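This report refers to the structure that appears directly beneath it.
Read-outs: derived from the displayed coordinates by stated rules, not from any lab. Every value quoted in this text rests on a predicted model; they were computed, and no experiment measured them. Glycine gets a Cβ as well: all are built from the backbone with ideal geometry, and neighbour counts include every protein chain shown.
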Amino acid sequence: MEALTIPTEIRTTHPEICLGKINLDWMPQPGNYIDVEGETYTILERRHRYQLRGGRYNLTSILVYVQRSPEKLERSFVNNRWVIGDANCRYSAVSEILRCAVNPDGPCQGCNFWAARD
């Protein structure tokens, strides 16, 4: 039995740029990582595209929005997962896709707002 492949369009969020179209043999989920042309990206959002065929809607393609992977950024290991930035800071979002509330673009090192978490 041949594995089902799903045509998937990869786009960055800001600025919105199409990185390419590939066929995936797995269902991309937000928080997963994907490699495109030697770069690793984190999947932020997934949208399905359907087409009506024979009275049924069939999944025809997927659109995923991505951002650069945390491997290129400062990161901390918290609760068995990598998060962006310094998780010891009170303002840390402790998230795989957002660094913090006051300085989302970072870096954490030398940030004027850094404060120890209670």
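Structure notes:
- Debye, to nearest 20: dipole size of segment 73-118, +1 on Lys, Arg Cβ, -1 on Asp, Glu Cβ: 80 debye
- Charging the Cβ of each Asp and Glu at -1 and of each Lys and Arg at +1, and nothing else, the dipole of segment 6-70 about its Cα centre rounds to 400 debye.
- Given +1 at the Cβ of Lys and Arg, -1 at the Cβ of Asp and Glu and no other charges, the dipole of the chain around its Cα centre is 420 debye to the nearest 20.
- Estimated vicinal HN-Hα couplings, Hz - segment 11-24 in sequence order (Karplus 6.51, -1.76, 1.60; Gly, Pro = x): 10, 7, 8, 9, x, 6, 10, 7, 8, x, 10, 9, 9, 9
- If the chain linking Asn88 and Gln29 were pulled fully straight, counting 0.36 nm for each residue of separation and taking away their Cα-Cα distance, it would gain 18.5 nm.
- Of all DSSP beta bridges confined to the chain, the antiparallel ones make up roughly 85%.
- A protection proxy built from the mean count of other Cβ atoms within 10 Å ranks the segments 49-55, 110-116, most packed first, as 110-116, 49-55.
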